[in-house]
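Derivation of every value follows stated rules applied to the coordinates shown; laboratory data play no part. Since this is a predicted model, take the numbers as computed values, not measurements. With ideal geometry, Cβ positions are generated from the backbone for all residues, glycine too; neighbour counts draw on all protein chains shown.
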Amino acid sequence: MPENNPAQPLSRREREREQRRQAILDAAEQVFAAHGYQNANMAVIAEQAEFSVGSLYHLFASKEGLFAEVALRNLENSMQAIRAHLNQADGWQAQLEGFVRHYLSWGCGYMLDILRTFKEVFNPQDHLSDGIFTRFLTIRQEAQALLVGILSQAEQPAAAPDFLALVIMGTLNSLCNQASLGLLSQPPESYLPQILALAESGRFKPDV
């Protein structure tokens, strides 16, 4: 069998480049949050990061690409938080509850804001869009796979785990969309008992 070669440590130059990159992403996130995408500009981001504009463009070719990297970093961090919870939770029900809570917290807030901005900013014909949406789709696929893995642990699942995961993900996404339109009578998190009941019995738990 071929041996797995351990990852080589980064050189000093590579570490410094990555540190600059993360500092710029931190600054960009603050500027985007404070001013919105349309009103943010690369000069302000460079000033916030304490770099020259030229250094900024050396690492990020455009504001669109920089925004995408900020957004994807946040989504990837959210997935790390979900994975960390799954490693600590005892039992599939506890894992499912943590997954749903995490997903609703970023899916009904930050992720919806990202999707809106993506639709406004990125040209579907732009090659940059392909790479961005591929990475975004990969994150969504990972979330789906994690959910299938959780549901597969149930001794007597209410339905096939992959189908049940589709139903639950559809429910979560629908809750987030309805919340963004102001059509929910209560916060998305309040539907957690019904979602857990769906996973256990295949039916939504009626409100008491």
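Would you mind calculating the gained length between R13 and E200 on full extension (0.36 nm times residue separation, minus the Cα-Cα distance), in nm to one decimal?
62.1 nm
For region 167-174, what does the Karplus curve 6.51 cos²θ - 1.76 cosθ + 1.60, with θ = phi - 60°, yield as ³J(HN,Hα) per residue in whole Hz, taken in order and with x for Gly and Pro?
Each residue of region 167-174 in turn: 5, 5, 4, x, 5, 4, 5, 5 Hz.
Using θ = phi - 60° and the Karplus relation 6.51 cos²θ - 1.76 cosθ + 1.60, list the HN-Hα couplings for region 78-90 in order, rounded to whole Hz, with x at every Gly or Pro.
Values, residue by residue: 5, 5, 4, 5, 5, 4, 4, 5, 4, 6, 9, 5, 9 Hz.
Length gain on complete extension for the stretch A61 to A23, per 0.36 nm per residue less the alpha carbon to alpha carbon distance?
That pair, A61 and A23, stretches by 12.1 nm at full extension.
Compare the peptides 134-140, 145-151 by average per-residue count of other Cβ atoms within 10 angstrom and give them in order, highest first.
Top of the packing list down: 145-151, 134-140.
HN-Hα J couplings of region 45-59 from phi, Karplus 6.51/-1.76/1.60, θ = phi - 60°, integer Hz, Gly and Pro as x?
5, 4, 5, 4, 7, 6, 10, 6, 4, x, 5, 4, 5, 5, 9
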